[in-house]
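**Q** One structure coming up, written as structure tokens, with questions to follow.
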Amino acid sequence: MRITIAGGGIGGLATALSLHAAGFDEVVIHEAAREIRPLGVGINLLPHAVRELTELGLVDRLAGIAVPTAELAYFNRYGQAIWSEPRGLGAGYRWPQYSVHRGRLQLLLLDAVRERLGAQAVRTGSRITGLRHDGDLLVGADGIHSAVRAALHPDEGAPPWNGLVLWRGTTYAKPFLTGRSMIMAGDGSQKFVAYPIGDGRLINWIAERPLDGEPPERGDWNRPADLATVVAHFADWRFDWLDVPGIIADAEAAFEYPMVDRDPLPSWTSDDVVLLGDAAHAMYPVGSNGASQAIIDARVLAHSLATTGSAAAYEELRRPATTALQLANRRQGPEIVMKLAHERAPGGFDDIEAVVPLTERTEISASYKRTAGFDPALLNERASWSIR
């Protein structure tokens, strides 16, 4: 089977590696950019995605460029603790959770594709503009502005926007909390996220709040932003353990991104075409699931093609699961605990148990893990998607 992949991002590269591991050697990626460069900032890879990269033989390389996340912690806008939980191996998973620079991960995957499938397997400066291709199957992994998706669903229009804007950046700063903590602080509409990547001293951060007026072009992660504007919105967010405006102000640059996603689709496949990753199910960056879900898509698609000869089983498994996750992220996913704490105690609290009881916080976390596919027991016990 000759397989053409539109898009050389994380999803497209992971698909090529998964197909190769499943016995497909005639795989070509078409990437519109003339050069694949390490763009972007930090992302999280959850244990279910790290499992797939481990089974692809990439975990040692990944460990060399990433920070193993030790905990996830939520706070209100005054820095008061709402909820924390261990992550990765400390939470009972057989695989860690990693925080990593998106661009470095993309280059890691690119190097692996060229090593395993050959340099000719990635064609840069080559854009797939519709459904025409020279293979037996076209995989649309070309992102939130997917040309393949647009050809399958021509009346869809622009990605819907929820009124919020994200600013993202990286700053060298001293470690906070455990030194491997991922924190989220906010009130349900305004939020600050931070976690270390790389050598642990480089802090990846995201600042979020409502935006007045219409946003600039939707779906562009690399639009420069004015740091002073971002600092002004978070000027009094100074906690005993983290200086939020200081972190923002010390960044070399920031990037602005209106929070958009895509509506769930009724179908991902048509004849010899299938969608994957953001092209299939772009979702709000809630719960750290975007890149992780694309990697899982890649593995399930390869397994489906190798075992049945079609993508039908892939869509049957993945489309309902990602639809549920898209909708959960629109409801703020596990981050809803910050909104609840703010609504019930807008000026702060003396005892979080009196505001959002432990049973409620625990179920919010557990429910999201089940929806997103990384409940520890279920993930640890699930059969592999490797073709043996």
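**Q** Sequence-distant or interchain residues sharing an amide H contact under 5 Å with Val273, placed H: which?
**A** Leu138
**Q** Suppose every Lys and Arg Cβ carries +1 and every Asp and Glu Cβ carries -1, with no other charges. What dipole size does the chain come out with about its Cα centre, to the nearest 20 debye? Please list the in-between numbers first.
**A** Numbers: 38 positive and 47 negative charges, 130 e Å.
Dipole about the Cα centre, nearest 20: 620 debye.
**Q** Which residue fluctuates the most in the chain, going by a Gaussian network model with Cα springs under 10 Å, if the choices are Leu276, Leu265, Leu137?
**A** Taking springs between Cα atoms under 10 Å, the residue moving most is Leu265.
**Q** Order these peptides, 51-62, 93-104, by their mean beta-carbon neighbour count within 10 angstrom, highest first. Display every interim value, and only then the final one.
**A** Working: 51-62: 18.6, 93-104: 21.6.
The most tightly packed comes first, giving 93-104, 51-62.
**Q** DSSP loop (so not H, G, I, E, B), at most 15 other Cβ within 10 Å: list which trypsin sites (Lys or Arg not before Pro) in region 286-370 pass both filters.
**A** Details: sites: Arg299, Arg318, Arg330, Arg331, Lys339, Arg344, Arg361, Lys369, Arg370; in loops: Arg331.
Answer by residue number: Arg331.
**Q** How large is the direction-averaged shadow of the alpha-carbon convex hull of the chain, in nm²? Display every interim value, and only then the final one.
**A** Working: hull surface 71.9 nm².
Answer in nm², one decimal: 18.0.
**Q** Could you grab the relative contact order for region 184-320? Cα pairs under 8 Å, six or more apart, rounded to a whole percent. All intermediate terms of the calculation are to be shown ahead of the outcome.
**A** On the way: 145 pairs, mean separation 20.2, N = 137.
That works out to 15 percent.
**Q** Something else: Within region 48-74, whose backbone N sits under 14 Å from a point 7 Å along Cα→Cβ of Thr307?
**A** The answer is none.
**Q** Output the antiparallel fraction of DSSP beta bridges having both residues in the chain, as a percent to the nearest 5.
**A** The antiparallel fraction comes to roughly 70 percent.
**Q** Report the one residue of Gly143, Ser84, Ser99 whose Cα lies farthest in the direction of the positive end of the charge dipole of region 59-163 (charges on C-beta: Lys and Arg +1, Asp and Glu -1; origin at the Cα centre).
**A** Result: Ser99, furthest along the dipole toward the positive end.
**Q** Quick one: Karplus J couplings for region 147-158, per residue in order, coefficients 6.51, -1.76, 1.60, θ = phi - 60°, nearest Hz, x for Gly and Pro?
**A** Working through the residues one at a time gives 6, 5, 4, 4, 6, 6, 10, x, 9, 6, x, 6 Hz.
**Q** In nm, to one decimal, how far is the Ala249 label point from the Glu316 one, both placed 7 Å along Cα→Cβ?
**A** For Ala249 paired with Glu316, the spin-label model returns 5.9 nm.
**Q** Two-decimal Rg/Rh of region 101-166 from alpha-carbon positions, Kirkwood Rh? Write out the running numbers ahead of the final one.
**A** Working: Rg = 15.5 Å, Rh = 14.7 Å.
The Rg/Rh ratio comes out at 1.05.
**Q** While we're here: Please list, or write none, the lysines whose alpha carbon is within less than 25 Å of the alpha carbon of Lys174, excluding same-chain residues fewer than 8 places away.
**A** Result set, ordered by chain and number: Lys191.
**Q** Same structure again: At 0.36 nm per residue, and after removing the present C-alpha to C-alpha distance, how many nm does the segment from Arg37 to Ala232 gain when stretched out fully? The partial results should precede the final answer.
**A** Working: separation 195, 0.36 × 195 = 70.20 nm, distance 3.15 nm.
The span from Arg37 to Ala232 would gain 67.1 nm if fully extended.
Bear in mind these aren't lab numbers, they're just calculated from the coordinates by the rules spelled out. Quantities reported herein were computed from a predicted structural model and do not represent experimental measurements. Don't worry about glycine lacking a Cβ; one is built from the backbone with ideal geometry, like all the others, and counts go over all protein chains shown.
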